[in-house]
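First comes the structure, then the notes that go with it.
The values are calculated or read from the model by the stated rules, or taken from the named source; none is laboratory data. Since this is a predicted model, take the numbers as computed values, not measurements. Here the Cβ is made from the backbone with ideal geometry for all residues, glycine too, and neighbour counts use every protein chain on show. Note: accessible area is taken over every heavy atom of the protein model, side chains too, but ligands, DNA and RNA are not part of it. Shrake-Rupley method; radii C 1.70, N 1.55, O 1.52, S 1.80 Å.
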Amino acid sequence: MAAETNPSGAFDSSCDPSGVRPPADVEVIRPRGSGGPIAHALFDHDGTISTLREGWERVMETMMVREILGPRFADADEPLRARVRGRVQGLIEETTGHQTLVQMQALAEMVREFGFVPGGEVLDLHGYKAIYARELAAMMRGRLEDVRTGRRAAEEFLVPGAAEFLRLLVEQGVKLYLASGTDVEDVRDEARLLGYEDLFEGRIYGAVGDIRVEAKQAVIESILREHELAPAELAVLGDGPVEIRLARQRGALAVGVASDEVHPGRLNPAKRERLVRAGADCIVCDYRPAQALLAILGK
Ligand SMILES: [Mg+2]
């Protein structure tokens, strides 16, 4: 998976896969060939702009392992725990970027497959989602409260440079879209709390409680259809393989955001690997190389 460098040399990678050196530029995987300036940009939310939900994977993993083991949770030996944990980690990696209901449907299937929970006690996807939502809310409560009361600045929960980059895009006439696998009301509330809701002018989408509706796919299709866009006029920016794969399938420019949510400004090598595998055209760790990114977007 050799990273190809822009022939101009202008956008050499300086993202350091070890995550030690602060990245200052854009890693170009596949130089953008034809296509004029980007007119529309769709952003994933969690991990791409906001880090308010940082740690959701740990909450989900703990909850899934517990639900799969069920009555065996207390006495399961370490090899069994490790086996369940390994499967759960694979499930989460595979489904990151999809809406929570998709993840919970996969959990319900896995609970049945392992067979520790009696058939009649296995919950459905909505039942498991309620448990996960409750535990995630407990983790986030303090953070939301800290931002609401001003104890902590909103910027502490943003991928570095995100707010500024969104503003730059709007100034350049780019229409912004926010599309998330998180429930749409939560996406709106968090975008408002972090201070950039207005930049999206109402174009904020998320899960609506229907497993058949995937916001990211629906929004990409409707942008291309309604605006009769050439796919090259659309950029999709995200930290998950789901949105990057969708962008590639439709011929949009795919910008992978391999953000380290625990250490803002560093590259997350595991994310980078997944994003490159999903077909990202270029990789950033955050939005500090805004000018280089704008140039790639044809701005
Ligand atoms: Mg994400």
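Key figures
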{"item": "Single residue of the range 146-200 satisfying the filter (β-branched (Val, Ile, Thr) and not in a helix (DSSP H, G or I)) that is farthest from Leu52 (Cα to Cα)", "result": "Val174"}
{"item": "Meets criteria (open to solvent by 40 Å² or more (accessible area, probe 1.4 Å) and closer than 19 Å to Gly36 by Cβ) for Ala230", "result": "yes"}
{"item": "Residue that is open to solvent by less than 30 Å² (accessible area, probe 1.4 Å) and either under 21 Å from Leu91 (Cα atoms) or more than 13 Å from the chain's Cα centre (by Cα) (or both), where the choices are Val284, Val236, Val208", "result": "Val284"}
{"item": "Subset of the range 198-211 [touching an Asp or Glu at 6+ places or on another chain (Cβ under 9 Å) and more than 16 Å from the ligand (Cβ to nearest atom)]", "result": "Val208, Gly209"}
{"item": "Residue ID - farthest from the ligand (Cβ to nearest atom), chosen from residues in the range 61-72 that are on the phi < 0 side of the Ramachandran plot and surrounded by fewer than 21 Cβ atoms within 10 Å (Cβ to Cβ)", "result": "Pro71"}
{"item": "The range 239-276 - residue that is farther than 23 Å from Arg53 by Cα and over 15 Å from the mean Cα position of the chain (by Cα) and, of those, surrounded by the most Cβ atoms within 10 Å (Cβ to Cβ)", "result": "Ala252"}
{"item": "Scope the range 21-60; condition at negative phi, of a type outside the set (Lys, Arg), within 16 Å of the ligand (Cβ to nearest atom) and surrounded by fewer than 17 Cβ atoms within 10 Å (Cβ to Cβ); matching residues", "result": "Glu57"}
{"item": "Among (1) free of Cβ contacts under 8 Å to residues at least 40 places away in the same chain; (2) closer than 30 Å to Ala153 by Cα - the single one Val65 does not satisfy", "result": "(2)"}
{"item": "Matching residues, the range 75-105, being part of a helix (DSSP H, G or I) and touching a strand residue (DSSP E or B) at 6+ places or on another chain (Cβ under 7 Å)", "result": "Thr100, Leu101"}
{"item": "Options Gly240, Gly298; residue that is away from the ligand (no atom under 16 Å from the Cβ), touching a residue at least 40 places away in the same chain (Cβ under 8 Å) and not β-branched (Val, Ile, Thr)", "result": "Gly298"}
{"item": "Residue in the range 212-227 that is nearest to the ligand (Cβ to nearest atom), counting only those that are in a loop (DSSP other than H, G, I, E, B) and open to solvent by 50 Å² or more (accessible area, probe 1.4 Å)", "result": "Val213"}
